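A quick write-up on the structure given underneath.
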Amino acid sequence: MKKYAGIGSRKVPDDIGELMTKISERLSEKGYSLRSGSAKGSDSFFEKGVKLSVNDGKPTYNKEIFTAYNCTKKAILIASNYHPGFHNCNDFIKKLHGRNAMIILGKDLNEPVEFVVCWTENGKDSGGTGLGIRLAEDKKIKVYNLFFEDVRKKFEKWLLKK
């Protein structure tokens, strides 16, 4: 199944949140599975758009949601390479960052998403989303940051097509 990451700031403007949900709905209809982190804000908007589908005769939501509690030691190790102050983070924050690596690379860290859709304040790669952005870019995964007007316009135009 095709997968994408829907991530971003916990404090996202309402209009961007609505756009995230619409993008997620359309991607769900096109057979994409969401990977996200179950945080307030962006993650919740993306998750809200995931549609119920039938796989192998079973109704299911096509999503993988990773939390700090799902994080593996290997994910934490990968995350440590993409956070400049990782050594200053407590164990729980390190697990949150590790879960960001799992969102981008998959549960076993060997099945990367096709692309990332996100929103960050001022368009910067900060916080946990920043770690996800840096990891994705390092792995040559396309990142679409909805902070930028040209990116928003492309998605809005795409949503108008049927």
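Compute the long axis of helix 127-138 from its Cα atoms, compare it with the longest principal axis of the Cα atoms of the chain, and write down the angle in degrees, 0 to 90, nearest 10.
Tilt of helix 127-138: around 80 degrees.
What accessible area, in Å² to the nearest ten, does a 1.4 Å probe give for Arg10?
Taking all protein chains as shown, Arg10 has close to 140 Å².
Helix 14-29 sits at what angle to the longest principal axis of the chain, using alpha carbons and giving 0 to 90 degrees rounded to 10?
70 degrees
Quick one: order Tyr69, Tyr4, Tyr82, Tyr61 from most to least accessible surface, probe 1.4 Å. The partial results should precede the final answer.
Values: Tyr69 185, Tyr4 5, Tyr82 40, Tyr61 115 Å².
The ordering from most to least exposed comes out as Tyr69, Tyr61, Tyr82, Tyr4.
Show Ile93, Ile23, Ile78 ordered by accessible area, largest first, where the area counts protein heavy atoms only and the probe is 1.4 Å.
Ile93, Ile78, Ile23
Stretch Phe86-Glu121 to full length: gain in nm at 0.36 nm per residue minus the Cα-Cα span?
Extra length available between Phe86 and Glu121 comes to 10.5 nm.
Calculate, for Lys142 and Lys73, the FRET efficiency according to 1/(1 + (r/R0)^6) with r their C-beta to C-beta distance and R0 22 Å; round to the nearest 0.05. Write out the running numbers ahead of the final one.
Numbers: r = 29 Å, r/R0 = 1.30.
E between Lys142 and Lys73, to the nearest 0.05, is 0.15.
Using only Cα atoms, find the angle between the long axis of helix 149-160 and the longest principal axis of the chain, and express it within 0 to 90 degrees, rounded to the nearest 10.
Helix 149-160 sits at roughly 40 degrees to that axis.
Counting helices only, and only those DSSP H runs with n ≥ 4, report the 222 nm mean residue ellipticity of the chain as the sum of -39,500 (n - 2.57) divided by its residues, in deg cm²/dmol to the nearest 500.
Values: 6 runs with 70 residues, N = 162.
So the calculated ellipticity at 222 nm is -13500 deg cm²/dmol.
If you stretched the chain out fully between Lys58 and Lys40, how much longer would it get, using 0.36 nm times the residue separation minus the C-alpha to C-alpha distance? Could the numbers behind the result be given before it?
Working: separation 18, 0.36 × 18 = 6.48 nm, distance 2.83 nm.
So the extension gain works out to 3.7 nm.
Ordering Lys124, Lys40, Lys2 by accessible area with a probe of 1.4 Å, largest first, what comes out?
Output order, biggest surface exposure first: Lys40, Lys124, Lys2.
What whole number of Å gives the distance from the Cα centroid of the range 75-93 to the Cα centroid of the range 1-58?
What the calculation gives is 26 Å, centre to centre.
The values are calculated or read from the model by the stated rules, or taken from the named source; none is laboratory data. The model shown is predicted, which means the values in this text are computed figures rather than measured ones. Because the Cβ atoms are built from the backbone with ideal geometry, glycine has one as well, and the counts that use them run over all protein chains shown. The protein model used for the area step is the full one, side chains on, heavy atoms only, and it has no ligands, DNA or RNA in it. Shrake-Rupley method; radii C 1.70, N 1.55, O 1.52, S 1.80 Å.
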